[in-house]
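Peer 1: Below is a structure I'd like to ask you about.
Computed from the coordinates by the stated procedures, all read-outs in this text should not be read as laboratory data. This is a predicted model, so every value here is computed, not measured. Note: ideal-geometry Cβ built from the backbone for every residue, glycine included; neighbour counts use all protein chains shown.
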Amino acid sequence: MYPTESKVVPLSRQFLESSIALIDAAFSRDPTLAWCLSAQTPGFDARRTNYLRSYLQYHHDASLPVLGVWVRDALVAVSYFTPGSTTENTSSLAELGHQIASGCGKRSLHRIDLLRRVVESKLSCHDCSRIEFIAVSPLMQGHGIGASLLRTTLAYLQDIEPDKNVFLETGEVRNLPLYLRHGFSVRQRIGFPGLDQYLLRKDAVCGGLATSNE
């Protein structure tokens, strides 16, 4: 459960810098970012920050939803997600790619594009809602905040698009039990040298019947 003094609210672009810092700290050892951004080579911390800044700016520019958890006056957790009805803007995606190449290097962009292509080829989920990031400040982890924020995010998506399945992916094996407890199931595992990426989906339930895209 959240601490009693916490609150969950939609998060505006005003808190972009706080979100970047929070996710950067929470994902400092994330296997997927480590693989995409070549953690074994110098400059990884800067590439990770640059990538997060580029993506989160894109997310806010597209007016996609963000939820934040506040404890007193501190932002302690965030959820960035994309409703399934969202139509991607090709020019905005191209600009995002340019920013990633500039701030993280062409090798990083190549790996990000490769992972995206392989994921899309393995799982038919083109109109699923997607959870992009759920991050809890390292100082606040272990108190159930991440689980509560995940439930709130799923409830938000259920309210606005009850017929959409929800997709997420992770390279962090220790997070799988959390997702499984919240109704996700592992649909695919993609193996790369240095990364095992798990693709999970929670099927929508409409009128008591689960729906599926497969």
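Peer 1: Hey, what does the equivalent ellipsoid look like for region 71-188, semi-axes from the Cα gyration tensor as sqrt of 5 times each eigenvalue, largest first, whole Å?
Peer 2: Numbers: eigenvalues 127, 76, 50 Å².
Each semi-axis is the square root of five times an eigenvalue, giving 25, 19, 16 Å.
Peer 1: Return the Rg/Rh value of region 116-176, two decimal places, where both radii are evaluated on C-alpha atoms and Rh is the Kirkwood radius.
Peer 2: 1.01
Peer 1: If you wrap a convex hull around the Cα atoms of region 3-107, how much volume per residue is inside, in Å³?
Peer 2: In region 3-107, the Cα hull volume divided by residue count equals 116 Å³.
Peer 1: To the nearest 20 debye, what is the magnitude of the charge dipole of the chain about its Cα centre, counting +1 on the Cβ of each Lys and Arg and -1 on the Cβ of each Asp and Glu? If you can, show how the numbers build up before the last one.
Peer 2: On the way: 22 positive and 21 negative charges, 103 e Å.
Magnitude of the dipole: close to 500 debye.
Peer 1: Now for a separate question. With a cut-off of 8 Å between alpha carbons and a minimum separation of six or more residues, what is the relative contact order of the chain in percent?
Peer 2: Value for the chain: 23 percent.
Peer 1: Using helices alone, what [θ] at 222 nm do you get for the chain, with -39,500 (n - 2.57) per DSSP H run of 4 or more residues, divided over all residues and rounded to the nearest 500?
Peer 2: On the way: 7 runs with 89 residues, N = 214.
Rounded to the nearest 500, the figure is -13000 deg cm²/dmol.
Peer 1: Starting from a Cα-only point model with no solvent, please compute log10 I(q)/I(0) by Debye for the chain at q = 0.14 1/Å.
Peer 2: With no solvent term, the Cα-only Debye profile gives -0.88.
Peer 1: Okay, next question. Within region 48-106, which trypsin sites (Lys or Arg not before Pro) sit in a loop by DSSP and count at most 10 neighbouring Cβ atoms inside 10 Å?
Peer 2: Values: sites: 48, 53, 72, 106; in loops: 72.
Those satisfying the criteria are 72.
Peer 1: On to the next question. Using +1 at the C-beta of Lys and Arg and -1 at the C-beta of Asp and Glu, which of 103, 43, 152 has the Cα lying farthest in the positive direction of the dipole of the chain?
Peer 2: Farthest along the dipole direction, towards plus: 43.
Peer 1: Less than 30 Å apart at the alpha-carbon level, and either on another chain or at least 8 residues along: which lysines does that give for residue 164?
Peer 2: List returned: 7, 122, 202.
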